[in-house]
Every structure is written in structure tokens, then in C-alpha cells.
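Step one of this worksheet: look at the structure below.
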Amino acid sequence: MMLRIALPLALPFAIVAVAFVLLSQTDAYIIRLATTFGMYAALALAWNIIGGIAGYPSFATAAFFGLGAYVTAVAQNLGAPLLVGVGLAGAGAALFAGLLGSAILHLRGKYFAIASLVIAEVLRELTNSWTSVTGGGMGINLPLAKTTLLTQPQLYLAAMLFLAAAATSASMLIDRSRLGVALRCIAQNEDAAQIIGVDTRMAKTWAFVISSLFIGLVGGVYASWVTYIDPTDVYDGAMSVKPILMALLGGVGSVFGPVLGAFAYLLLEELLWRNLLEFHAGILGLLVVLLVLFLPGGLSQIRGVGLVSLPKIWRRAP
Amino acid sequence: MLWLQVLVNGLAVGGLYACIAVGFSLVWGVLNIINILHGSLIVLGGYLAFFAHQYWGINPFLFAPLAGAVMFAGGVALQYCVINHVMARPFLITLLLTFGLNLFLDNSMLALFSADYRKVLLNPAPGVFDLGSIVVPADRIYATLVGLVLISALALLLRFTQFGRAIIAVRMDRDAAALLGVNVRWTYAVAFGLGVFMAGSAGALLSAIFPISPVASAGYLSKAFVICVIGGLGSIPGAVIGGFALGVIESFGALLLGPEHALTLAFVLLIALLAVRPSGLLGRQGFA
Amino acid sequence: MKLTVRSALAGLMIMAAGNVAANAKDSVVIGAPLPVTGALSPEGTKLRQGYELWREQVNAAGGVKVGDRRLKVDLRYYDYQSQTPRAIQVAEKLITDDKVDFLFSPFGSGATKAASAVAEKAGVPMIASSASSKEVFDQGYKNLFGVYTDNSTFSEPLADLVKAKLPNARRVAILARNDLYPLSLANEFEKSAKKRGFDVVFFEKYAIGTLDHASALTQLRAAKPDWIVATGYINDLITIRKQAADLKVGGEAFTLINGPAYQEWISAVGPLAENVTTASWFHPVARYSSDDVFGSSAKFVELFKAKYGSEPDFTQASGSAVGVVLQQAIERAGSLDRDKVRAELKKGGFKTFFGPISFSDIGIADSYVPPVLQIQDGKVQVVAPAEIATSTFRTGLK
């Protein structure tokens, strides 16, 4: 019984700790890539909680990401330490998700998708026009983090990997909990779930809040990492689509699928980008099309498809 | 007088918004696809009109249906050969497919046409209709009129032709329609083609009004989204009403809150609308 | 179909393996984050043309003279997709992975400001091609040098001109894009106008990505301005000029920055370009003789035309300008040592085709007077300063 809880809590952190020790002495470019991986993995895992396990296709990732980034930026500019800023980012995103959830979680399917998508647009406009606090279109600078034990890049690597581990733990715990059962029921047939006594509203809202908490935290760390943010960048619609792509690539609804997907996506993106100056986006687009059309097993299946089928591809490679 | 002019401004841009949104709405309604490609298709229509004007001197307002027709063929082919393979999948999958196609099309246009902004320059300039203290730009009126004619033709096609009825049947119940002998695959392809037709002709209509560039596509897409939410997903009259509504709301938003907040008012209303009436102003299950 | 995915992945693995930068010191490696895709891609293309022309000329002449050796120029580009955070990452990658000796900045004020923090941390001198807002340079950085003069060098001479030619003009309306550079520029115009006793009767900002400016211009018209100033990027200013005409916005002088200095802008608005004023940091009429690889402004323009078939605009010229400034600093230092090169940059006094370039204490060029331009009969004419003017300032609008 203890192991059931302890293992998911400890295992991801242990892996991440080892990874950090191995990576932290490599050159800055590898560290940056690994940091980006941590960020992508955490975002994909977070999306997967609401979008994969509960089957609510959220496009609000950019909204919570941007909100988290701006909360941290504003808090730090008012003199708050980094940890407080990021904490506020998580709390702010979670709180906002809770409120927002009560307004849009009764929508189903594409109505929910579209409502969630508009949120990022709204927040971007508000951020843009609230110049006195956010700096508006001029963007906002963040103070450099004060570090003692770690160098700057190591600090953000540790932070992003930590968030990825925390999101993995949370996913594993949810997967094994009553909440996870409720969410899977909702994903399969929400009306039936209600009839058999699942408090669907509660479950959906929790999933949305937990998901947004992580996205907000990631946004906060990101803002401090890049030291300068502006509304077009952090509320970028692509930020909503990428985590979905990663989750689909690795396997929607499964716990480790998003991690694998984040890795595969980052690899693709980086290789194309650094080798093709002018047409990397086009090739990435084509690969997305090919993956959607041809990745075996039907990405739409709920559990673990990508996870099983991907290694098969590797093994059979000449 | 200021208010009247602001209202007229809103309506004048609203007509353009309606043209932008209709094709998006049709594809959404019939195929249940959020077509991320839509904005890029509008830009592509703009380029067709630009080159037609540059090389053959064809007026873009007259060229619009032709631009649409050329792109219609491409749209049908794209749907039949590519998108049709995932029609039975959840809409997230089709959305990602169009997202990928969009990256590709955007990047291709960038490589082919470069990102330099261009614009069709009409000679003589269309000028304005001067109604005393109110002025209305003539090109916007022409674009809106041509757009409304095309939209009406589309609505009539859907309502009164055999083919239109097939589209509505497929939309309502795909399996039943198939049992009754409707060729579902073909119907989807043509319906998607019609959406592309509308995008292409909208692009041609806008080519004399807004600068054309591949980097403009995301802006058109986000307008189409907002308009469809206001008007009702998948409803053609809804897209028209939504377009005019957004134009007027933005216009007054800029007047009352300042130009930098023009969109804020629209978005606040949008969220309120979503919470209260998610199916939009005219959203219904039926069609056309 | 699995084959497709499999071979794609296999291919990627190979690409990953074969990507270790050879970095023997027979070249000067310069990193340049470029906006190839995204909203700034028109400007990205222009900058790159400027870089390429300079590189070609230097390498054809044997390379950069470092002590008694000649080193070829090796430019490393990566696309930052017009996204500022991505520009920061690119700068970081260029420093740590490509191990560049020096950096050129990303495009524009915002991204330059952000990327300059990375360059400063690593101590890599960065020459900024296209940043002119004081907000970029007032961070106390030692490694940032911009070849543009600051925004007030646009607003001051324009305000002087309007004041001199239109003694009765009193009312000024300003419409600014809510973005670092355009807003900073608009603030300078407000200052310059007020200093000369103008009334600023309208000052509004519009959001980035605004498609339609009718409402803002309707309010602007109601303020009955004599002089209208609008700031933004080329697409904004195409729409603003057209809609101002549609709405019959009056006024005696119309200033739009930046846009009218680009040929694309003039082609896109046609006759409406007439009598619009603007300013830019470079114009092909410039007659500087220089110590750089080009020899003079005229020669630069000639070479540019030969390669690209059009006259260079200020962004294209700035791409070459950052090159020649860096080259001269390296050659004077006689070394690729960053501290020595930085010291030479600080000393300034570079005679370039772009103009004489020295940097102020904060690293922004303050050594030349940018030309004020006006579109007359479809052509860009220089109307100030008087020494290089090709025409006189005209008032009124079509």
C-alpha cells in the first residue's frame, strides 16, 4: 500500500536527479536542450491530465503558460524573490483555472476546445493593453536570478526537470486514484459516468486545476529563464498545440507517453531547425501530417498506443 | 456624427469579416474540422488576385469567384487525398493535420513569394462614397457586396440543390446518408472545396484593401475563430451576423476604450457569450 | 507506410551525429540570429542581404586582416522565428555551441534588448543593426554597440522642418503601435513637438496585429490635426495611409515611420505616398567616402544594385554596416581577442559607407545625422539635412 504511493512519488525524482547530475556538467547548449525537454515534458504531461485522461481537448495551455510567465515577471519586478514569483504563478494559474472551469467545463467537445482557445487571446489582449503593470507590447524584463550553488543554466535545468518529475508523479498518482477512474469514465462516456454516481463536475475541475497549476509553474520558470517576455511570445497559439502534438506522438492518456512524445518532438524540431534555415517549419508541418496519417495503431486510442508502437519501430530499423 | 461614422466603419469592416469567416464556418459545420489552414488559404487567394491583377490587369473584385474556383479544385483534391483518411478520427486529429498542412503552406508561400508586403493597387482608385459628414470607402462596399453575393449563392446551393441536400444529410447523420446512397467521401471533398472556395475568394476581395503577406495568415484565422464563436459554429448566416457584430463591437471598443483596447471589449463579450450561450447567436443543429 | 516514419527517424539520427562544428581558427566566426520566418521575415531577408554582400566583398578581398593574417568571414545564421525568447536561445546557442567570436543583433529593438543580456553575460561584443530606442542601451552593458542613432534624431529634424515650413501649424496627432520601438519613437515625437510649442491633440496606441485602423483614424480626424505622425511597421503603415485617405483625414504634413523609406511601401500605396515624410538612417544619395571594404557610399550602392537589382534601403544597408564596423574594429585591434576589439569599438571613429560611426557612452551611434525623407513624384527625396538634400520639403497632402 505504501509502495503504491511512495514509488510514483520517488521514482521520477530519482531519475531526474541522476539526469541532472549527468547533464549539469555538459556544455551550455546541451543544458539548454535538456531544459527545453523538461519544459516540454511538463507541459505535455500537464495537458494530458485534462486533455488525455479526461478527454477534454484543452487549448488553454498558452493562456496558463502566459499567465504564469506574467505573474512571475510582475511579482519579481515588485521585488518578490524568484521562488515566490513562480509559486504565485502556479497558484494564480490554478485559481484562474478553477474559476474558468466553472464557466466553460460544462461545454463539451469542440465547444470546450474553442472556448479554451479564446482564453489565450483574451489574456494576450489584456496583457497588451494593461501597460502600466505588464509593460504592454514593450514586454517586460526579469531580474537575473541570484544563484549560489548552481550556475544560471544549471538552476533552470534543475527547475524544469523538477517540474517534469513532479508532473509525472502527479500523473501517476492520479492514474491510480479515484480521480483517475472518474476522469477515464468521463473520457469514455460522461453521461454514463454521471448516472453511475461520478461527481463529474468536481473531477473535471480538479483535473483542469492540477493541469493548469503545472502549466503556470512552467510559465513562471520560463519567464525567469529567458529574462524577457512579451505578450505575443508567451500567449503564442503554438504553445497550445505543441503539447497536444507531443502527447499524441507518445500516446494520449498514458502516463509516460507525453514524456516520450516531448522527447521525440524536441528532437525533430531541433534537428530540422538547426539544419534547414529557411524551410524547417514546412518540413516540420509535413512530418506532422505524415505522423497523423501513418503512425500505426491509431493515435486516437486512449491508452499507451504510442508507447508500445514506437519501440517496435526502433527495433525493426535496419 | 462621430458615432455614426464609427458605426459605418464597423459595418464596413464587418462585411469583410463575414467574407473571412464563412468558409471556415462551413468546413466546421459540415466536416467537423477546425481548419487551421483557413488563414493561409485566404492569403493564397490574395496572391492569386495580386498576380492576376499584375499580369493581366484583372480587377480583384471580379476575379474573386475565379480565384475561388481555382482553389476549389485544390481543396477538393486535398480533402479527397489527404484529409479524408482521418475523417473518422476525433477532431483533435484532424485539427493537428490541418495544423501541419498550415505550417507547410505558410512556409511554402514564404519561400515562393517572400514575406514582403504587397497590395493590389487599383487604377483609378475606387475612392469613397461621400455622404456629407460620413464617408464610406468604396472598395470595402464592393468587396462586401461581391462577398455577400457569393455567400448567398452558397446558401442557396446548400438549400435548394440535390448536392446541397446531400451535404446537409451527411452533416446530420453520416451513416444514414450513406445508406440512402449518398457518396459520403465525395460529399465531404466537395464541401471542403466549397470552404476553400470561400477562403480564396475572400482573399481576392481583401487584396486591394489589406497588405498581402504569408505572415498575415494567423491574423485572419483568429478573426475567423472569433466570428464563428459569436455567430454560432457551423452556421452560414451566423458567420455573416458574427462578422458584422465583431466589426461594430471593435469599432466602438476603439472609440470608447481607445484603439489599443479595441479587441478587449469584443473578447469580454465573447467570454460572456460563451458562458451563457455557447452555440453562438445563431447556432443550431440544423443548417443553412 | 511505417517505412516513411522509420527512415525519417533514421535520417534524423544521422543528422544529429554529423553536427559538430569545425572551428579551426582560419576564420572569423560571427553569429547572426535572423527572423527568417514569422512576422519579421521581410526585415530578416533584408538584413541577410546586407550581411551577405559584406561577407562576399570581404572574402573576395582575401578576408579580414588580423595582424599579418587574413581570416575569412564565417557567418552563422539561425532562424529565431520572429520570437524574442527564441532569439535569446539562438544567441546562447551561437555563443556556446557554434563558439562564435562576435555577434550581430537580432532585428529590432525588443529582441536586441533581450539578446544583449546573453551577450553581456558571455562577454561577447554584439553589434546592433537595427535598434535605436534608448531603452535598449540604458542597461549599462559594455558589449552592445548600435549603428543607428537614437530616435530623437528622427523627431527633432522633422519637428524643425514642420515648424519652419508651416508656421501656423499647431495641432499634432500621434498614433503609435504599442511595441517597444514604435512607442519609444512616438514618445520622442511628442517631446519634440511639445518643445516647439505644438499642441499634441491626439496620442493613441494601437495593438500589435491590428487589422483595421478606421476607428482610431476617425477619432484622429476629429482632433483636426495639422501634422499627423504614425509609427509602426510596414504593413501597419500601408493600411494606415490607405485608411487615412479613405476617411479623408486632412492635415498639412503626414509623417510615417518606418515604411515609406522602403520601396515595397511606395508600391503598395501608390499615389497616396505623395508628400509623406519619413526618416531613415541611410539613403542611397549619401556621399560618404570610407575606409571600409566598399570605399564609399556610392560604391556600396552600386555593388548592392549589381547583386540584388534594387537600391539598398536602410535595413539592407545596416546589415552591411554592422559588418564593416566590426571588421574595422578587428583590424585595428589586430586580434580576435574580444577585450581588444571591444576597446576599439569603444574608441569609435570608423569611417564607413553608412556614415562616420562612433558610439556614445551607452553604445548608441551619435556621430552622423540621419536623413529626413519625403516621397515626391513617386521618388524618395532627401529634404534634410541641407548638405545632402535633393529636394525641398513640400507641404500638403493629396
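Read-outs: derived from the displayed coordinates by stated rules, not from any lab. On a predicted model such as this, the values are computed, not experimentally measured, just so you know. Glycine gets a Cβ as well: all are built from the backbone with ideal geometry, and neighbour counts include every protein chain shown.
Observations on the structure shown:
- Of A:GLY253, A:GLY220, A:GLY180, the one that fluctuates the most in a GNM where chain A has Cα springs shorter than 10 Å: A:GLY180
- 10 Å Cβ neighbours from other chains, averaged over peptide B:86-96: 6
- Rounded, prolate or oblate (a/c below 1.5 giving rounded, otherwise prolate when a/b exceeds b/c) for the protein assembly as shown by Cα gyration tensor: oblate
- Of B:ALA166, B:ALA239, B:ALA143, the one that fluctuates the most in a GNM where chain B has Cα springs shorter than 10 Å: B:ALA166
- Debye-sum result for chain B in log10 I(q)/I(0), which assumes one identical scatterer on each alpha carbon, at q = 0.07, 0.10, 0.14, 0.16 Å⁻¹: -0.25, -0.52, -1.01, -1.30
- Under 17 Å of direct C-alpha separation, and excluding same-chain neighbours fewer than eight residues apart, A:LYS146 reaches these lysines: C:LYS121.
- Segments C:101-107, A:22-28 sorted - mean Cβ within 10 Å per residue, highest first: C:101-107, A:22-28
- Ignoring lysines fewer than eight residues from C:LYS165 along the same chain, the ones with Cα atoms less than 23 angstrom from its Cα are C:LYS191, C:LYS194, C:LYS195, C:LYS224, C:LYS248, C:LYS379, C:LYS398.
- Classified by the C-alpha gyration tensor, region A:2-237 has an oblate form. Its axis ratio a/c, with a ≥ b ≥ c, is 1.5 or above, and a/b does not exceed b/c.
- Filter on C:LYS242/C:LYS299; C:LYS93/C:LYS305; C:LYS113/C:LYS346; C:LYS25/C:LYS142 - keep pairs with C-alpha separation over 29 Å: C:LYS242/C:LYS299; C:LYS93/C:LYS305
- Here the Gaussian network model covers chain C, with springs between Cα atoms less than 10 Å apart; of C:ALA216, C:ALA131, C:ALA253, C:ALA216 fluctuates the most.
- Pairwise centroid distance, computed over Cα atoms, of region A:26-103 with region B:225-239, Å: 31 Å
- About the Cα centre, charge dipole magnitude for region B:118-245 (Lys/Arg +1, Asp/Glu -1 at Cβ), debye: 200 debye
- B:ASP116, C:ASP377, B:ASP139 arranged by Cβ crowding within 10 Å, fewest neighbours leading: C:ASP377, B:ASP116, B:ASP139
- The three principal axes of the C-alpha atoms in chain C carry coordinate ranges of 66, 59, 41 Å, sorted with the longest axis first.
- For region C:59-201, a/c is not less than 1.5, where a ≥ b ≥ c are the root eigenvalues of the C-alpha gyration tensor, and a/b tops b/c. That puts it in the prolate class.
- Remark: mean inter-chain Cβ contacts per residue of A:268-278 equal 5, using a 10 Å Cβ-Cβ cutoff to other protein chain atoms.
- Ranked by how many other Cβ atoms sit within 10 Å of their own Cβ, fewest first, the residues C:SER82, B:SER114 fall in the order B:SER114, C:SER82.
- The relative contact order of chain B, computed from alpha carbon pairs under 8 Å that lie at least 6 residues apart in sequence, is 38 percent.
- Label-point separation, B:ALA153 to C:THR392 (7 Å along Cα→Cβ), nm: 5.6 nm
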